[in-house]
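Notes for the one structure printed next.
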Amino acid sequence: AAAADVDVRHESVETADGVEIEVAANIGTLADLGPAVDRGADGVGLFRTEFLFLDRESPPDEDEQYEAYVEALESFDGGRVVVRTLDIGGDKPVPYLDLPDEENPFLGERGIRRSLGPDADLFETQVRALLRAAASADGANLSVMLPLVSTVEELRAGRERFESVAADLDTEGVDNELPEFGIMVETPAAAFMADQFAPHVDFFSIGTNDLAQYVMAAERGNERVSELGDYRQPAVLRAIDATVSAAEGEDCWVGMCGEMAGDPDLTELLVGLGLDELSMSAVTVPQVKAAVAETDTADARELAERVLQADTKAEVTEILTLDQ
Ligand code: PEP
Ligand code: MG
């Protein structure tokens with residue numbers, strides 16, 4: 001109980017030896033903003049914008065999106081708000097978009113693949129709304145990231161869309177700046193190529209829900225393979241380690257916004273692996289902040305080194321349990 005009682009609201013948190021770790025909230029709808037602020041999130045580490053597009057007959061227009069982004073940015077005065085561009089497809093159907101019937105939708109046209117393809121118009125509208133919101137919201141600190149990136153070309157093409165929309169807005173007399181720009185690392189390709197991505201982005205956000213699914217070839221949410229698709233699998237931990245290591249020495253911070261980030265039993269390990277930011281559902285923000293405050297980074301690194309040597313998930317779990 002003690003952990004949840006620590007009043008960490010609106011205070012950034014440091015490890016016991018003084019390393020600041022950003023602890024942010026994941027949000028889907030604007031209704032998630034209040035709890036995120038109340039639970040003391042430093043900002044938003046993942047705004048799943050596709051939720052603005054679900055349960056309706058037509059997509060939200062530019063002004064409706066603009067209002068939503070302004071509200072999110074203004075809820076965290078100066079706190080970073082990471083907005084992920086549309087991640088449609090896979091497990092997130094949208095009836096009015098007439099998505100193709102695919103045999104393996106998780107391996108099909110999803111995330112950035114749609115934004116650079118059939119949803120290019122929706123993507124442009126979203127980018128306009130985002131850049132306008134960043135330009136006019138009080139205390140705005142916007143970052144944007146692209147979902148399901150697996151090639152450097154996708155990153156380049158996504159960034160070019162932002163640059164060309166920014167230039168259009170300039171022409172229209174709307175002063176704007178390009179936001180901090182990153183990608184989700186949630187495909188094995190992105191993890192393997194992290195050293196090639198790092199010089200081109202300001203940050204990585206590791207999406208362990210999809211990363212575990214794709215690294216282990218075990219469908220997320222499918223109980224028959226949930227043991228395999230677990231983020232404690234050594235192969236998943238190595239993909240995370242490879243990503244963080246590739247960003248070292250580059251001007252690229254590394255966060256995590258998959259479910260793993262919200263597990264307070266894993267906070268020490270994640271600090272030891274070198275994560276700079278953790279983003280989770282608002283409920284677990286206080287526990288994770290308390291766990292960060294108890295962590296010593298030298299001990300955490302030593303723990304991470306031991307965990308990375310484990311050859312099974314059972315051994316990973318055992319090392320973590322003995323460490324508690
Ligand atoms: C993830 O894949 O870990 C992630 C955070 O994105 P989503 O759960 O929205 O796919
Ligand atoms: Mg994902």
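The values are calculated or read from the model by the stated rules, or taken from the named source; none is laboratory data. Fair warning: this is a prediction, and the values are worked out from it, not measured in the lab. As a convention, Cβ positions derive from the backbone with ideal geometry for all residues, glycine included, and neighbour counts pool all protein chains shown. For accessibility, only protein heavy atoms count, side chains too; no ligands or nucleic acids. Shrake-Rupley method; radii C 1.70, N 1.55, O 1.52, S 1.80 Å.
Would you confirm whether any residue within the range 191-200 is within 22 Å of Pro105 (Cβ to Cβ) and at pLDDT 95 or above?
yes
Do we find that Arg224 is basic (Lys, Arg), surrounded by fewer than 24 Cβ atoms within 10 Å (Cβ to Cβ), more than 16 Å from ligand 2 (Cβ to nearest atom) and more than 14 Å from the chain's Cα centre (by Cα) in this structure?
So Arg224 fits the description; yes.
Within the range 50-83, can you find the residues that are open to solvent by 10 Å² or more (accessible area, probe 1.4 Å) and within 16 Å of ligand 2 (Cβ to nearest atom)?
Listed by number, the residues that qualify are Phe51, Leu54.
Among the candidates Asn176, Asn141, Asn104, single out the residue that is more than 22 Å from Asp202 (Cα to Cα) and not charged (D, E, K, R).
Asn104
Within the range 195-224, how many residues are away from ligand 1 (no atom under 16 Å from the Cβ) and not in a loop (DSSP other than H, G, I, E, B)?
Qualifying residue count, the range 195-224: 8.
For the range 105-112, indicate whether the set of residues that are closer than 18 Å to Phe53 by Cα and open to solvent by 10 Å² or more (accessible area, probe 1.4 Å) is non-empty.
yes
Of all residues in the range 232-257, which are in a loop (DSSP other than H, G, I, E, B) and open to solvent by less than 40 Å² (accessible area, probe 1.4 Å)? First the steps, then the outcome.
Here is the first cut: in the range 232-257, the ones in a loop (DSSP other than H, G, I, E, B) are 232-233, 248-252, 257.
Passing the criteria: Gln233, Cys252, Cys257.
Return the only residue of Leu266, Leu273, Leu237 being within 16 Å of ligand 1 (Cβ to nearest atom), touching a Leu at 6+ places or on another chain (Cβ under 9 Å) and touching a residue at least 60 places away in the same chain (Cβ under 8 Å). Spell out the reasoning first.
Numbers: Leu266 fails: touching a residue at least 60 places away in the same chain (Cβ under 8 Å); Leu273 fails: touching a residue at least 60 places away in the same chain (Cβ under 8 Å).
None of the others qualify; the one that does is Leu237.
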